[in-house]
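Below: one structure, written as structure tokens.
The values are calculated or read from the model by the stated rules, or taken from the named source; none is laboratory data. Because the structure is a prediction, the values reported are computed rather than measured. No Cβ is skipped: glycine too gets one built from the backbone with ideal geometry, and neighbour counts run over all protein chains shown.
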Amino acid sequence: MDAQPLKLVARTISGRYGKPFDRHFAYWKVQMDPLYQGVGGLLAGSSLPVLDVGCGTGLLCFYLLEQGVLGPLHGLDFDPQKIAAARKAAEALSNPPVFHQGDARDPWPDISGHVCLLDVLHYLPPDAQASLLTSAARHVAPGGRLVIRTGLKAENWRYRVTLMTDRLMNRLKLMKSPPVSYPEQGALETMLNGAGLQLITARPLNEGTPFNNHLLIFGRGTSLESNLA
């Protein structure tokens, strides 16, 4: 997607939000964060449901809708204010995403398809990360993907910038929780292999940003949708 269409998509999505802060945040987040184009390109054309765990105000669901993802879109978040903003933004849509308010440590909605865990794991200690990943794996359908965006523990300047930024976001009340533990890729692979998922790809996702974010894609079995390879 070139710059002009992306700007138009950001304008369309941001215009759905009622509060000025939510509108401005959505407008710039969609344009500046490489996450949206990365995940949108991965899931475009799939007819499986998508469950975004830790969805916030629903930006990913709205972006996937604009990119023509065919399956039902669902978001789950523990913050009632963010879920309220997401639901309000979805009201005018003919095929709106469904947003669920709840703690990811509790039972999830009965959805089987693709699961997205984006910028979630580092807010949890390792044992809670393992439990969350086990839950996520149970909701990945044959042919589906578990899409993880997370900072990975490392000894480099990007890791230090990521840690500092996440702590600042918490102090500014933009995130309710401070970072607790950034995972290591090997540990993620071990946990998810035990849950029946295999690593499809892992790559940095820091285009144009100073952060130590990585996109990791896991799939179930060998019956994977060819357009998502």
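Within region 121-140, the set of residues being crowded, with 17+ Cβ neighbours inside 10 Å and within 21 Å of residue 72 (Cβ to Cβ) comprises 135, 136, 137, 139, 140.
In region 57-79, the residue that is nearest to residue 104 (Cα to Cα) out of those that are surrounded by fewer than 21 Cβ atoms within 10 Å (Cβ to Cβ) and modelled with pLDDT under 95 is 78. Filtered by the rule that a residue be surrounded by 15 or more Cβ atoms within 10 Å (Cβ to Cβ) and of a type outside the set (Lys, Arg), region 141-161 gives 141, 143, 144, 146, 147, 148, 150, 151, 152, 154, 159, 161.
Being at pLDDT below 90 and either surrounded by 15 or more Cβ atoms within 10 Å (Cβ to Cβ) or part of a loop (DSSP other than H, G, I, E, B) (or both) is a property that residue 178 has. When you check residue 9 against the structure, is it more than 30 Å from residue 134 (Cα to Cα) and among the β-branched types (Val, Ile, Thr), yes or no? Yes: the conditions hold for residue 9. For region 87-98, the set of residues classified as closer than 17 Å to residue 14 by Cα and surrounded by 11 or more Cβ atoms within 10 Å (Cβ to Cβ) consists of 87, 88, 89, 90, 93, 96, 97, listed by residue number. No other residue among 222, 201 is within 23 Å of residue 51 (Cβ to Cβ), at pLDDT 75 or above and not aliphatic (A, V, I, L, M) apart from 201. Evaluating residue 94 against the criteria (1) polar (S, T, N, Q); (2) touching a residue at least 24 places away in the same chain (Cβ under 8 Å); (3) closer than 21 Å to residue 63 by Cβ leaves one unmet condition, (2). Please determine whether any residue of region 36-43 is modelled with pLDDT of 95 or more, within 28 Å of residue 109 (Cβ to Cβ) and aromatic (Phe, Trp, Tyr). No, region 36-43 contains no residue that is modelled with pLDDT of 95 or more, within 28 Å of residue 109 (Cβ to Cβ) and aromatic (Phe, Trp, Tyr). Just one of the listed residues (60, 42, 6, 65) is touching an Asp or Glu at 6+ places or on another chain (Cβ under 6 Å), part of a helix (DSSP H, G or I) and on the phi < 0 side of the Ramachandran plot, namely 60.
Matching residues to (1) buried (at least 18 other Cβ atoms within 10 Å of the Cβ); (2) without any contact (Cβ under 8 Å) to a residue 24 or more places away in the chain; (3) within 30 Å of residue 143 (Cα to Cα):
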site	(1), (2), (3)
11	no, yes, no
15	no, yes, no
26	yes, no, no
29	yes, no, yes
35	yes, no, yes
40	yes, no, yes
